[in-house]
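A quick write-up on the structure given underneath.
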Amino acid sequence: MSQLYVAVLAVIVLTLLAVAFYRTARVKTKTDYLVAGRSLPALVLVLTLLTSWIGAGSLFAGAENAYENGFAALWQPAGGWLGLLLIYFIAPRARKFAQFTLPDLLEARYNQTARVLGAIAILFAFTAITSYQFRGGGDVLHLIFPGAVSSNLGALIIAVFVIVTTAMAGMSSVAYMDVAIGTLVTVICILAGPILLAKAGGWHGLHAALPPQYFQVFGNYRLSPAGVRESAAMGFIRAMEFLVPTLLLMLGNQVMYQKFFSARSERDARISVVGWTLGTIFLETLIIAIAVMGRALYPTGEVAMRPREIIPYTARHGLPAVMGALLLGAIFAKVFSTASNYLFSPATNLVNDIFVRYLSPGASNQRVLLVSRLAVVLLGCWAFYQAVYAQSILEKMLYAYTIYSAALTPVVLAAFYSKRVTAWGAVAAIATGTVVTLGWDSPAIKASLHLPPILAQRDAIFPALLAAVAAMIVVSMFTPPPPPEKLAQVAD
């Protein structure tokens with residue numbers, strides 16, 4: 001059976017390498033590398049947006065959430081669905097702006113300080129997201145080759161593969177690899193879902209095998225850390241701690257904006273959001289359902305101690321050999337794709353927002369391409385270092401989402417929809433959101449604040465977000481309004 005898994009992985013790896021080499025030959029300029037020559041049609045945009053959004057965050061963190069909480073885990077992806085409804089109106093504005101990175105937008109609407117702080121916040125958030133893609137990919141390889149590949153060695157293998165292929169062709173490579181990966185994952189999940197449901201005894205068997213709270217609105221979110229059942233209000237608060245970071249990451253996501261910047265036209269950008277929304281709702285619901293079915297089939301044993309592995313574990317042990325190999329291969333490809341997207345994105349920040357902007361404004365295309373590839377390698381190594389110490393993908397995901405959500409999303413939305421937020425208001429928001437998140441997630445700093453337990457047990461999203469928005473509003477009130485030429489940069 002191991003030969004079947006090796007064959008499937010080999011086909012996937014060779015296909016991805018072929019796409020990377022082909023697209024590399026077509027990369028000639030900075031625009032080709034960073035935004036695929038602004039040539040991506042709507043269909044390619046749909047698949048690359050879908051594939052980059054659904055990675056280890058859904059397949060491992062979301063699955064871990066579903067294993068522990070049942071269908072209440074849908075609160076996590078629901079934040080993204082709500083965000084997509086709003087993005088439909090943002091996408092044409094983003095394509096009209098048509099630059100290279102999100103900090104381009106921050107400088108155009110605010111100032112250079114906002115640009116630099118935004119780039120720093122993105123580096124923290126996106127390398128963290130990349131790190132748990134490496135961890136998830138390492139888990140997949142460990143499940144396929146348990147005696148030969150440890151989880152850390154698997155993470156190293158996928159890190160090297162991601163770094164090399166991403167460095168080769170940039171956005172062009174990432175987007176067109178996503179087309180193949182998105183199609184593969186969607187088809188395999190559609191086929192696997194009914195097979196696993198039948199194996200679990202259908203809907204009736206699923207109810208019989210699982211606790212009743214797995215089918216309730218707030219699931220186990222109503223349980224305190226000590227295991228005591230609390231009020232529905234506390235369940236709602238915990239549900240919002242999953243929904244809000246996902247919503248705000250979606251609204252301010254640089255990976256998304258870069259792909260809108262890469263669109264062939266404003267119309268292609270808007271059309272792509274419709275397909276992305278439908279695909280995301282369908283596929284993420286199916287992923288949560290597969291994880292819940294896996295919980296019913298495998299409530300104990302190795303996977304109970306590492307619930308993040310429930311989907312690849314179910315693929316390995318709960319599906320026919322060919323189907324299981326294809327699903328494991330699809331998960332590997334998905335993790336690879338998301339890692340490529342979130343590794344490539346901060347690399348463009350280092351190159352476009354720091355190297356080209358401040359160190360070498362007149363750099364040739366060849367020099368920019370060389371530095372871009374070097375940035376991918378360096379950030380990939382940093383992400384791998386984080387992966388080695390990421391014990392919980394779910395916790396790492398919430399940390400990354402919170403930094404981005406609190407520090408960047410408020411100022412990005414204000415750039416498009418507020419004429420009163422000032423440059424220094426944006427700077428204050430980015431700095432405050434980043435600092436509060438980092439401090440809140442530091443046990444030593446949190447302990448020094450002597451917070452009451454009801455606050456100390458909460459995730460950082462609400463304190464960080466409220467502090468960032470308050471800083472943006474207060475500082476904007478006491479600083480002069482932005483000049484007309486700044487507002488014109490992002491006007492309709």
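The values are calculated or read from the model by the stated rules, or taken from the named source; none is laboratory data. Since this is a predicted model, take the numbers as computed values, not measurements. Ideal geometry is used to build each Cβ from the backbone, glycine not excepted, and the neighbour counts take in all protein chains shown.
Some observations on this one:
- Identity of the residue in the range 359-371, modelled with pLDDT under 80 and part of a helix (DSSP H, G or I), that ends up surrounded by the fewest Cβ atoms within 10 Å (Cβ to Cβ): 366
- Scan of the range 13-41 for residues that are assigned to a helix (DSSP H, G or I), modelled with pLDDT of 65 or more and surrounded by fewer than 20 Cβ atoms within 10 Å (Cβ to Cβ), ordered by number: 13, 14, 15, 17, 18, 21, 22
- Every condition in (1) under 19 Å from residue 247 (Cβ atoms); (2) under 21 Å from the mean Cα position of the chain (by Cα); (3) at pLDDT below 85 is met by residue 121 except one, and the failing one is (3).
- Failed item, numbered, when residue 81 is tested on (1) buried (at least 24 other Cβ atoms within 10 Å of the Cβ); (2) within 15 Å of residue 275 (Cβ to Cβ); (3) at pLDDT 85 or above; (4) of a type outside the set (Ser, Thr, Tyr): (1)
- Residue match in the range 143-153 (condition: part of a helix (DSSP H, G or I) and modelled with pLDDT of 90 or more): yes
- Count of the range 372-404 residues which are of a type in the set (Val, Ile, Thr) and closer than 23 Å to residue 114 by Cβ: 2
- When residues of the range 191-219 are limited to those that are out of contact with any helix residue (DSSP H, G or I) (no Cβ under 8 Å at 6 or more places or on another chain) and not hydrophobic (A, V, I, L, M, F, W, C), the one nearest to residue 287 (Cα to Cα): 194
- In the range 296-312, the residues that are farther than 17 Å from residue 394 by Cα and in contact (Cβ under 8 Å) with a residue 60 or more places away in the chain: 296, 297, 299
- Selected residue (only one of 201, 227, 205 is surrounded by fewer than 23 Cβ atoms within 10 Å (Cβ to Cβ), on the phi > 0 side of the Ramachandran plot and at pLDDT 90 or above): 201
Residue-wise test of (1) free of Cβ contacts under 8 Å to residues at least 40 places away in the same chain; (2) more than 30 Å from residue 320 (Cβ to Cβ); (3) part of a helix (DSSP H, G or I).
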| residue | (1), (2), (3) |
| --- | --- |
| 197 | no, no, yes |
| 208 | yes, no, yes |
| 221 | no, yes, yes |
| 236 | yes, yes, yes |
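- Qualifying residue in the range 162-184 (condition: touching an Asp or Glu at 6+ places or on another chain (Cβ under 7 Å), under 23 Å from residue 371 (Cβ atoms), modelled with pLDDT under 85 and in a helix (DSSP H, G or I)): yes
- Being crowded, with 24+ Cβ neighbours inside 10 Å and of a type outside the set (Ser, Thr, Tyr) holds for only one residue in 236, 344, 282, and it is 344.
For (1) surrounded by fewer than 24 Cβ atoms within 10 Å (Cβ to Cβ); (2) in a helix (DSSP H, G or I); (3) at pLDDT below 80, each residue gets a yes or a no:
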position	(1), (2), (3)
96	yes, yes, yes
99	yes, no, yes
126	no, yes, no
134	no, yes, no
